[in-house]
Every structure is written in structure tokens, then in C-alpha cells.
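The values are calculated or read from the model by the stated rules, or taken from the named source; none is laboratory data. Nothing here was measured: the structure is a model prediction, and the numbers come from that model. Using ideal geometry, Cβ is built from the backbone for each residue, glycine included, and neighbour counts are taken over all protein chains shown. Note: accessible area is taken over every heavy atom of the protein model, side chains too, but ligands, DNA and RNA are not part of it. Shrake-Rupley method; radii C 1.70, N 1.55, O 1.52, S 1.80 Å.
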Amino acid sequence: MTTTLYTPDHEWLAIDGDVATVGITDYAQQQLGDVVFVELPKIGRALKKAEAAAVVESVKAASDVYAPVTGEVLETNAELASEPALVNSDAQGKAWFFKIKIADKSELGGLMDEAAYTAHTA
Amino acid sequence: MPVPDDQKSLRHTPLHALHVSLGGKMVPFAGYDMPVQYPAGVLKEHLHTRAAAGLFDVSHMGQIALRPKSGKVEDAARALERLVPQDIVAIAPNRQRYAQFTNKDGGILDDLMVANFGDHLFLVVNAACKDADEAHLRANLSGDCVIDPLADRALIALQGPKAETVLATLCATAPSMKFMDAGPHEVAGIKCFVSRSGYTGEDGFEISAPASDAERLAKMLLDNPDVLPIGLGARDSLRLEAGLCLYGHDIDTATTPVEAALEWSVQKSRRSGGARAGGFPGAEKILAHFDNGATRRRVGLRAEGRAPVREGALLFAGADAGEPIGQVTSGGFGPSLNAPVAMGYVPTKLSALGTKLFAEVRGQRLPLAVAAMPFVKNTYKR
């Protein structure tokens, strides 16, 4: 059973036990426009909550993707390197960025559920 | 919805309502509320322009008529030569030429197009510089010319391989024009100034129309299924692939035309030994650069990887070299090349094609090489 949570900076996290799969929201990809490059964190990197973890670049500009929680990067989505446009076509599915081992589950308390996130972007 | 403060004072072009109705994402640019992209998005807009035709609103740019008080256009041309290093006298009637206003230090105040309309000169200058340019013209040329800003005109660019056939349906005389021809033409019965030019590297036209007719004209062009509206985002990626300078980024008051690799735009008649050598602001420095070379040069840069290298990135001679040797002035992703492209300034001794350099992006040194411009072959109809 996974639960999906959202950050105010437009990242989503699908929580499965103590592992979170992280990506950017459909709203975020619409704001960015055509994605042409994604830079992912190294596997094994220890991320602190709110630290710049990945970079997503459109034709026009580069934007940081922040670590939504503290933890270690377990896996990254190699498909994004060869097909960055996946972020536009399937932001909240195939275009996940990385998986992180959640160090402190209490950090999840500050995140939004889908209803709260929808209200946040309205 | 309340209007944000930064949009309250923004000016609108005659096509503003059309942009909004087409779903344009409006952003502030050079004091105007302009479309950065439409629903198709920057990538599709860029590729469509190279494959068919794109319509751009460039009405924010300044259009200025320079009318000689003597009635002789040569007198306006000679007067304007006091402000630019180009041969203006030699521009034949119904032709135009790329030029730069220079300052006393040899830097560039603005870049512009100058057309000879028979009895006067027609100038197109950058939006962000147009007030300063107008003041500069008044301060220096008022004795010889009436400086007449044509504020009630729109400027529409139609660019791409289908531009000719599209415009031909509304303007029978358009197909006979060659690259850099410019003059009065009727487009759908509207009295326009049309030039065969643009800033995308593609064949195309720029159409100056009375503001009151602009929306009707733009809609007629957009009715053609080959034409999509194109925003500032794709305009920038198209001109970058074409290797063309963006004022305030690739050229400014600190760059001379020689450093900027714009020697081709300065005719021999204005260089040392020419019939009208010098006589423009900063001539001493600019001619010295022609005669002895400049120590730095604008070059094209291609990255080895896929990460875009953007404006401001520092350039290094080696992966571990200490001091930066230059800086990227424009950079991004080239949709037609499906790869990053950039331009920037490097020491002349490191400007040879193929020279390996490194750009620092987010703390990493990314390898790139000096590359020929334009990055995408231009298709001007000469």
C-alpha cells in the first residue's frame, strides 16, 4: 500500500514502507514546459531535507528539485537521461526521479495529501 | 484577478489581445507584456518554424524613420555613418543592412537594421534600447535629419521555409524579394513595409503594418495551416542556433564589433584605408582591433554531453585549470540539433574551431568545443 504526498515545491513522494519514490508533479511539468535534460543524484548520496537533489531543464531554464525528506538515494531513473520528455508525458508515473530511504518518518508530517496539494496549486 | 505590480506598467503591442486569445503565456520583456510561448510549447514552436512557418510579434522593437532635411537620402546616410561603422551610403534603394551603434570606447550601444526607402532611411532597433537610441539620434543627427519614431506601427515576422508561399497568398510581390530586400508592399491591401529578413536563420519576412491593421493581418496569416504563433522562448532558441547575437547578452557596451566576430558587418569603406575610414564613435579602438586583432573573441560552443550550458557559465581551459578564461553569454538547448548550444567569449588564442574547453555548471566541469556558427545552416534566399 503506497501513499502519495506532495511538497509545496511541487515534488511528489510515493511512500512504500521506509522508501519514497520522488518525482515532480504534473502541475510542475506544465509550468516548466518541454523538458530536455534531467540531472539525477548519485546513488548512495545522503540527502538532507530541502537540499537541491536533482535538476530539471527545459529549453528556457534550469530548475532545482529538492529532497522532500532526509535520507539516502537508493536508486535513480536511468530512463530519464535518455528520454527527458517523459517528465512531460508521465510526470507522476514513469518519470520518477529517484528513490530515497527515509531517515526520519516524522518529516512526512509536514507534507500535503492530494487534496491539500490541489488546493495549493489552485 | 488582481494585476501583479510588475505587470501594471507593462506596455502592450497591437497584437496583445490576440496573444491572450491564442493562449500565450505572457511575461514581462523589455517593458512589454509578451508571449514567451503558446500552448504548443517552445520545442514544437521552434521545430515548426524550421519545418513550415512561424509568426512572431516583434512590435516591441523600435521602428524609426530618419528623414533627411535636404530631401536627399544620401545626406541621411552620411549623417548616420557618424554613429555606425557600416557603409550606409552604399545601401541601394529597397535594400537593408545590419548595423551597430557604437560608443566612444568602441562598444556596442545597440544593433539594428537600416533600410534605404528611397527618400528616407528606416531603422529597426531593439525594444530595450529604443528610447536611448532615439535620444542618441536626436542628439547627434538633428541638424541633418528629422528623427521620426513610428510608434503606431506593429512589426510581424513570418519565418520558415513556407514563409514565402504563405505570404505570397496575401502579397504577390513578396516572392520576387531577395534576402535583405526591403520596401513598401501591399499585404492583403494593407500598406506595409516588408523586408526579406528575420532573426531565426530561416528564410522569411518582417512586415511593418499600421497598428490598426496588425491584428487583422496576423489573423489572416495564422489562418494558413502552415503558420503557428511563436513566442519569445522559441525566438531565442532559433536565433541561438542561427549564431545571431542577442543585444545585452552576446554584445553590449563592453564588446567591440571585432571581439563580437561581427567583422563581416563592417564594410571595407569604413575600415583603415577605406574611402570613408573611421568617423564613427570608437573608431580608433575598433580600427585597431581590425588592424591588430582583439585579444578575445565571441565563439560558438558545443557541449559533449546533454546538459545545457547557460548564460553566465564560466569557461576554463582545462578540467582542473584555476582561472576562468571566459564566459558563456547565451546558451541553452537547440531543439533542431537535439543538443545543447552556446556562445561566449574566449581568448583569441583559444578561439580556433575544435579547441577543447570546459564550462562550470553546478560545480562540475563539462567538456565542450569551439564550434562553427551558425549551428544550423541558414536558408536565406540570396
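If the requirement is being open to solvent by 10 Å² or more (accessible area, probe 1.4 Å) and among the acidic types (Asp, Glu), which of these qualifies: A:Glu83, A:Glu11? Let's see the steps before the verdict.
Numbers: A:Glu11 fails: open to solvent by 10 Å² or more (accessible area, probe 1.4 Å).
The conditions single out A:Glu83.
Scanning the stretch A:39-74 for residues that are open to solvent by less than 70 Å² (accessible area, probe 1.4 Å) and within 9 Å of chain B (Cβ to nearest Cβ) yields A:Glu39, A:Ala52, A:Val55, A:Glu57, A:Ser58, A:Val59, A:Ala61, A:Ala62.
Residues are listed down the side, and each one gets a yes or a no for (1) aromatic (Phe, Trp, Tyr); (2) in a loop (DSSP other than H, G, I, E, B); (3) closer than 20 Å to B:Arg50 by Cα; (4) open to solvent by 30 Å² or more (accessible area, probe 1.4 Å):
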residue	(1), (2), (3), (4)
B:Val166	no, no, yes, no
B:Phe179	yes, yes, yes, yes
B:Phe193	yes, no, no, yes
B:Gly198	no, yes, yes, no
B:Pro225	no, yes, yes, yes
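Tell me, which strands (runs of 3 or more DSSP E) wholly within the stretch B:93-149 include 1 or more residues that are of a type outside the set (A, V, I, L, M, F, W, C) and touching a Pro at 6+ places or on another chain (Cβ under 6 Å)? Step through it out loud before you land on a result.
Values: elements: B:96-102, B:108-116, B:121-125, B:145-149.
Answer list for the stretch B:93-149: B:96-102, B:108-116.
Every condition in (1) under 28 Å from B:Leu47 (Cβ atoms); (2) in a loop (DSSP other than H, G, I, E, B); (3) open to solvent by 30 Å² or more (accessible area, probe 1.4 Å) holds for B:Asp236 except the one numbered (2).
Which strands (runs of 3 or more DSSP E) does the stretch B:1-73 wholly contain that include 2 or more residues that are within 14 Å of chain A (Cβ to nearest Cβ) and modelled with pLDDT of 95 or more?
Values: elements: B:25-29, B:32-37, B:53-57, B:62-68.
It comes to B:25-29, B:32-37.
Could you tell me whether the stretch B:22-36 includes any residue that is open to solvent by less than 10 Å² (accessible area, probe 1.4 Å) and in the same structural domain as B:Ser195 (by TED's automatic domain parsing)? Yes - at least one qualifying residue is present in the stretch B:22-36. Within the stretch B:143-164, the set of residues being closer than 22 Å to B:Val376 by Cβ and open to solvent by 30 Å² or more (accessible area, probe 1.4 Å) comprises B:Pro161, B:Lys162, B:Glu164. Condition test on B:Gly312, is it touching a strand residue (DSSP E or B) at 6+ places or on another chain (Cβ under 9 Å), without any contact (Cβ under 8 Å) to a residue 24 or more places away in the chain and small (Gly, Ala, Ser)? Yes.
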